[in-house]
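See below for the structure under consideration.
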Amino acid sequence: MIRILHIENDSAYHDFIKSHLLSIDEDIEFAVAESFEDAVAALASAEFDCVLTNDRFEQLSGSEALESLRAQGIRVPVVVLTDDEVDEDSQSGRGASVDDLAARVAYEKFNVIYRKINYLCFISAQRRALRSKDSFPNDLQADAVESLRRNLTTLTRREIEILDLLACGNSNKEIGAELGISYFTVVNHVRNLYKKLDIHSRAEAIHFMLRAKALEIFPDGFRQDDEVTG
């Protein structure tokens, strides 16, 4: 699941954005903040994988909101919808110079919006995983490795395959196509592995996998030729 906080005071426009993104990936959860102040309060009380805002917002433009969030030390990924011409091949996009956890995307290019959200969630989780590795004293790192190894042993081979693909930024539909299984089978596997690992979002899943790899207990190239069904 990807948890998105949408800063938007026009309910019809929020519903428009929501419906199009859910048509790409049903495993998205939305919350709405009608003002920037509400958004800051929401971010302080709950965890979100990404903030979605726009340059048409009357109270505070998307770029201004991004700068204000960063000034307050809030490092959540931000996608700003804009009327500007944007280089879609750029991961950050023109005008997102505040940092590289932000992107500007043209309005209504929903596949691009979705890809940017996934990409920024991946980068954010990757950095948290590397920071967590560096923060472990040597005497605690062994405990962390053992804890992650125990959690991994609760997963089936198929669930680990899906966890690996999730962490590479694939949507549930893309994972189904890659593994030759249905979208709904992927959703069931994702829900099961979330429950086993006590995680609740795609960003947490990415963070778990990258942390395990950083601690060298999740080998690269895990997906092998062994036959896996379901």
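Among Val51, Val32, Val79, which is assigned by TED's automatic domain parsing to the domain that holds Ala106, farther than 17 Å from Cys121 by Cα, at pLDDT 90 or above and buried (at least 16 other Cβ atoms within 10 Å of the Cβ)? Answer to the selection: Val32. Among the residues of the range 29-36, is there at least one that is of a type outside the set (Phe, Trp, Tyr), more than 20 Å from Gly73 (Cα to Cα), without any contact (Cβ under 8 Å) to a residue 40 or more places away in the chain and in contact with a Leu (Cβ under 6 Å, 6 or more places away or on another chain)? So far as the range 29-36 goes, yes, one or more of its residues are of a type outside the set (Phe, Trp, Tyr), more than 20 Å from Gly73 (Cα to Cα), without any contact (Cβ under 8 Å) to a residue 40 or more places away in the chain and in contact with a Leu (Cβ under 6 Å, 6 or more places away or on another chain).
How about the range 5-38: which of its residues are within 18 Å of the chain's Cα centre (by Cα) and assigned to a helix (DSSP H, G or I)? Answer for the range 5-38, where residues must be within 18 Å of the chain's Cα centre (by Cα) and assigned to a helix (DSSP H, G or I): Ile17, Lys18, His20, Leu21, Leu22, Ser23, Ile24.
For residues in the range 164-217 being assigned to a loop (DSSP other than H, G, I, E, B), farther than 22 Å from Lys116 by Cβ and among the hydrophobic types (A, V, I, L, M, F, W, C), which is modelled with the lowest pLDDT? So, considering only residues that are assigned to a loop (DSSP other than H, G, I, E, B), farther than 22 Å from Lys116 by Cβ and among the hydrophobic types (A, V, I, L, M, F, W, C), the one modelled with the lowest pLDDT is Leu215. Scanning the range 91-109 finds no residues that are aromatic (Phe, Trp, Tyr) and either modelled with pLDDT under 75 or not in a loop (DSSP other than H, G, I, E, B) (or both).
The values are calculated or read from the model by the stated rules, or taken from the named source; none is laboratory data. Model, not experiment: these values are computed from the prediction. Positions of Cβ are backbone-derived with ideal geometry, glycine not excepted, and every protein chain shown enters the neighbour counts.
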